[in-house]
Amino acid sequence: MTRGTQDETTAAAREGDGLALTTAGLPSWLDPVVAAARSVQPRQLSRFLPPEDGRGRQSAVLILFGEGPRGPELLLQERAGSLRSHAGQPSFPGGALDPQDGDPHTTGPLRAALREAEEETGLDPSGVQLFGVLPRLYIPVSEFVVTPVLGWWREPSPVGAVDPAETARVFTVPVADLTDPAHRVTVVHPRGHEGPGFTVESALVWGFTAGVIDRILHFSGWERPWDRSRHVPLDWHA
């Protein structure tokens, strides 16, 4: 979403069914993320933007920040290897909007992000404070139009893979590991595409998820210099 769309979403949420975007009470270390979400432009996040003709399936992901034993962390999951799209990939919780989620241009993505996160990881949505949205992006391979929804895990709850047919595992990653140059790589797809990657928690985070994390680190001022010539090839099944 652009800045104007985010403001419209905030207003609509406050007038709606209890969903709201608010920065009240956030830990100060999230201030750079809040500032980045308010100012970043779509092209600064990705070259893949929603088609102008409206094609694509509306979806949302929850980018959930928490506080762990080693400080700030992000919640991720590993998709089941049997899924048709993005099988086996680490990802943010999320998925397609359902009709009951409501308007995809106002509160729909907020509701969908929380609903999907609960269905996939078992987290309690009442403990999540939504504080921002990023511009809508596009995943060409699956034709998803994705709204990244930013959340603060104000009251953590137990999480785990709810449905093994959909989610292989759920885990958290310290932001300190994501910014550590030793965990940063350039992923090379067999077709020649290159993108940022992270080797964390016995997983290789790549693709859409890694791209969004990379841009959040960059625009929040958390990025540290890293060796972009460190290449990790993907196999043909990726």
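General observations
- Single condition residue 31 does not satisfy, out of (1) surrounded by 12 or more Cβ atoms within 10 Å (Cβ to Cβ); (2) over 18 Å from the mean Cα position of the chain (by Cα); (3) among the acidic types (Asp, Glu): (2)
- Among the conditions (1) more than 24 Å from residue 138 (Cα to Cα); (2) under 15 Å from the mean Cα position of the chain (by Cα); (3) not aliphatic (A, V, I, L, M), residue 208 misses just one, which is (1).
- Residues that are in a strand (DSSP E or B), among the aliphatic types (A, V, I, L, M) and under 18 Å from residue 29 (Cβ atoms), drawn from the stretch 132-188: 150, 173
Every residue, every condition in (1) of a type in the set (Ser, Thr, Tyr); (2) closer than 18 Å to residue 40 by Cα; (3) out of contact with any Lys or Arg (no Cβ under 7 Å at 6 or more places or on another chain), yes or no:
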site: 141; (1), (2), (3): no, no, yes
site: 178; (1), (2), (3): no, no, yes
site: 210; (1), (2), (3): no, yes, yes
site: 213; (1), (2), (3): no, yes, yes
site: 229; (1), (2), (3): yes, no, yes
site: 233; (1), (2), (3): no, no, yes
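- In the set 107, 121, only one residue is among the hydroxyl-bearing types (Ser, Thr, Tyr) and either open to solvent by less than 10 Å² (accessible area, probe 1.4 Å) or closer than 26 Å to residue 164 by Cα (or both); that residue is 121.
- One residue stands out in the stretch 157-199 among those that are in contact with a Ser or Thr (Cβ under 6 Å, 6 or more places away or on another chain) and touching a residue at least 60 places away in the same chain (Cβ under 8 Å): the one that is surrounded by the fewest Cβ atoms within 10 Å (Cβ to Cβ), namely 161.
- Residue selected from the stretch 202-222 under the condition at positive phi and touching a residue at least 40 places away in the same chain (Cβ under 8 Å), by the criterion surrounded by the most Cβ atoms within 10 Å (Cβ to Cβ): 207
The values are calculated or read from the model by the stated rules, or taken from the named source; none is laboratory data. The structure presented is a predicted model; accordingly, all values stated were derived computationally and were not measured. Virtual Cβ from ideal backbone geometry, glycine too; neighbours counted across all protein chains shown. Surface accessibility is based on the protein's heavy atoms, side chains included, excluding ligands, DNA and RNA. Shrake-Rupley method; radii C 1.70, N 1.55, O 1.52, S 1.80 Å.
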